[in-house]
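What follows is one structure encoded as structure tokens, with my remarks underneath.
Rule-based calculations on the coordinates, nothing more; no lab input. Since we're looking at a predicted model, the values are computed, not measured. Here Cβ is always computed from backbone atoms with ideal geometry, including for glycine, and neighbour counts include all displayed protein chains.
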Amino acid sequence: MARSAVTDDLSTALSEQSGVLMAAKTLDSDLDFAYQLQMQEAINASLALQPSSSGSPPSPPSPNVDVYSPNDGVLDIAATLMMQDLDRYMQEHFDRKRSEAEMTRMREDLDRRIHDQKFADYILNISDEEWRIYGDNYHGPYGIDASSSSSSSTALVDTECFRLYFKGLVSEENVRGMKVMVAGTGVAICDSKDRPILEVKKNLEAFVDGQVVTNEVASLEALIEGLDRALSLDLKRITFFCDHYNVHQYVTGRVSPPQSKIAALVNRVALLRRKFVYCNPSLVAHDDMKHAFKSARDAIVSQITWPEETSNGKSMKETCVICFEDTDVDDMFSVDLCLHRYCFSCMKQHVEVKLLNGIVAKCPHEGCNSEVNIDRCQKFLDPKVVQVISQQRKESSIPTVEKVYCPYPRCSVLMSKSEVLQYTQTTQAVAKESGLRKCMKCHYYFCINCKVPWHYNKTCYDYKRSNPHSCPEDAKLKSLATMKRWSECKKCNHVIELAEDVDMNFAILVELSGRIRKLHVPVQSGMSGISYVMHGRGDD
């Protein structure tokens, strides 16, 4: 309340000062105009009193007679400059007020989110029986019940410990054939569940005193920006996460900074930390900084793009560091984790060559091992290729004994047994005991034991007795397996064949070469036709 009163008084004072300056400027203009009129009248009277030597009437005075005055226009210029300074200050004042109001709104939203999350956790811990009886009586609207009054709602934010991620980057980029150094920072403030509530990116000067900014300096600048943002939200408790070992050593006081510039930044961090009730650092891996890293990389990208007129209007351009062609920003691919950027054409060639050689595609940047997300390559790869590769990667990621396929011919989606059990238990509490499963794609029910559509009111034994071959294809499969000398894997119950001649002694071959593996070829019962749904070598 006191702060609001001070702000109102300042606004009133600024308005009054502006009015005084306008009145002074108007008065000065009026006085100058009156002075000019008086001088004009005096000149006219002086000319009228002079005798005429030739007898002819005196010539009229020339219009717009300017009379020199040492202070002519000085007050007007000073008032104008003061008005401009006052307008600029008023604009900054109002911008600050809007910023504070926005921060207040964000804090209230954050407090509401904390309240809702706590109430949701409370609801989740209620037993099913208690919920069935008293579920309709549970309520906790924000700002109404006693647990979220205005005084206690503030305490929710004050008692919550938030997470601060920060990242500073210094990078050499190619812009229109020239190599330039750019720097940027990224900040992400998250709640206790690691959900972002504020993300900030900021450009940095890449050169200070003629020297390139180091990653340590950029990281400390990012940390200072993050702590300032947390204070603007009036957060009390912060844990800030750092992936730079040296920076972590500096801020914890275990190692003294080697340079005065770094020492000054560390001192600023220490002063900001004192303003919090709780503010401690934590060292984490690089992969845990994804939110802040993306913001910092966006700050870098914003400095290496430029507008250019095209046939379709103005677009943003960026130089690909592989082909050195200027490309639309929308046609640049960003690799996950490292966020290195390349044009679609170069990435298409790179990914296709790797896939044809059976190699996992990684970032083309030298020394970077970030894996390319194939699902995000649909913009420049054939969708069918992406689908096949994604399916192969999914099959290789699921252990053999965990694989299960939907028995419905029009679905046949691959799932993990543990995943499908967890998915089914959300609607069927007896799923684990009965063997009932619900497909995660088509949502039809099937039996995990029989691998067939769900047999209602029948046990698995009764179903197999009445349906020895639920589909004609099953009998054909059994006959073909006998003819081809296929067998059934004892672990996964899939029909398999040996990768080498089945007449050879497989154990001896493994001992000799160490390279032979069994090739799993699971074939689904209940499917129309014989479908080989997995092809690849793997340990049994």
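Would you please report the Å³ per residue occupied by the convex hull of the alpha carbon atoms in the range 198-251?
99
Loop-only check: which chymotrypsin sites (Phe, Trp or Tyr not before Pro) in the range 398-463 are DSSP coil with at most 16 other Cβ within 10 angstrom?
Here the sparse-neighbourhood loop sites are 444, 456.
What's the percent breakdown of Cα-Cα distances in the range 160-297 across 5 Å bins, shortest bin first?
Percent of pairs per bin, in order: 2, 11, 21, 24, 20, 12, 6, 3, 1, 0, 0.
Over 20 Å between Cα atoms: which of 317/384; 464/484; 354/394; 97/118; 167/290; 118/193 fall into that group?
Over 20 Å Cα-Cα: 317/384; 464/484; 97/118.
If you rank 386, 182, 360 by fewest surrounding Cβ atoms within 10 Å, what's the result?
With the fewest neighbours first, 386, 182, 360 line up as 360, 386, 182.
With viscosity set to 1.002 mPa s and temperature to 20 °C, compute the Stokes-Einstein D of the range 305-394, Rh being the Kirkwood radius across alpha carbon pairs; µm²/s, no decimals.
153
Taking K and R as +1 and D and E as -1, what net charge do the other residues with C-beta under 9 Å from the C-beta of residue 241 add up to?
That sum, taken over residues with Cβ under 9 Å, equals -1.
Size of the range 241-377 along its principal axes in angstrom, Cα-based, largest extent first?
Here the Cα extents, ordered largest to smallest, are 54, 42, 28 Å.
Which ³J(HN,Hα) values, rounded to whole Hz and listed in residue order, are derived for the range 282-287 from phi using the Karplus coefficients 6.51, -1.76 and 1.60 in 6.51 cos²θ - 1.76 cosθ + 1.60 with θ = phi - 60°, glycine and proline given as x?
8, 8, 10, 6, 4, 5
Against the 2.2 N^0.38 Å scaling, with N counting residues, where does the range 97-146 land? I'd like the Cα-based Rg ratio to two decimal places.
Cα Rg divided by the expected 2.2 N^0.38 Å: 1.58.
When 115, 365 are ordered from fewest to most other Cβ atoms inside 10 Å of their Cβ, what list results?
Neighbour counts put them in this order, fewest first: 365, 115.
Just flag the GluC sites (Glu not before Pro) in the range 302-352 sitting in loop per DSSP whose Cβ has no more than 14 other Cβ atoms within 10 Å.
Sites meeting the loop and neighbour criteria: 325.
So how strong a dipole does the range 288-423 carry about its Cα centre when Lys and Arg Cβ are +1 and Asp and Glu Cβ are -1, to the nearest 20 debye?
600
Can you compute 3J(HN,Hα) from phi for each residue in the range 232-239, using the Karplus curve 6.51 cos²θ - 1.76 cosθ + 1.60 with θ = phi - 60°, rounded to whole Hz and x for Gly and Pro?
Rounded to whole hertz, the list is 5, 7, 6, 7, 9, 10, 9, 10.
Mind listing the long-range amide H neighbours of residue 370? Cut-off is under 5 Å, sequence gap 5 or more, other chains count too, H placed in the peptide plane at 1.01 Å from N.
The answer is 363.
Taking the dipole about the Cα centre of the range 305-394, with the C-beta of Lys and Arg at +1 and of Asp and Glu at -1, give me whichever of 373, 335, 323 is farthest to the positive side.
Final value for the positive-end residue is 373.
Just to confirm the filter: which chymotrypsin sites (Phe, Trp or Tyr not before Pro) across the range 324-371 are DSSP coil and have at most 16 other Cβ within 10 angstrom of their Cβ?
324
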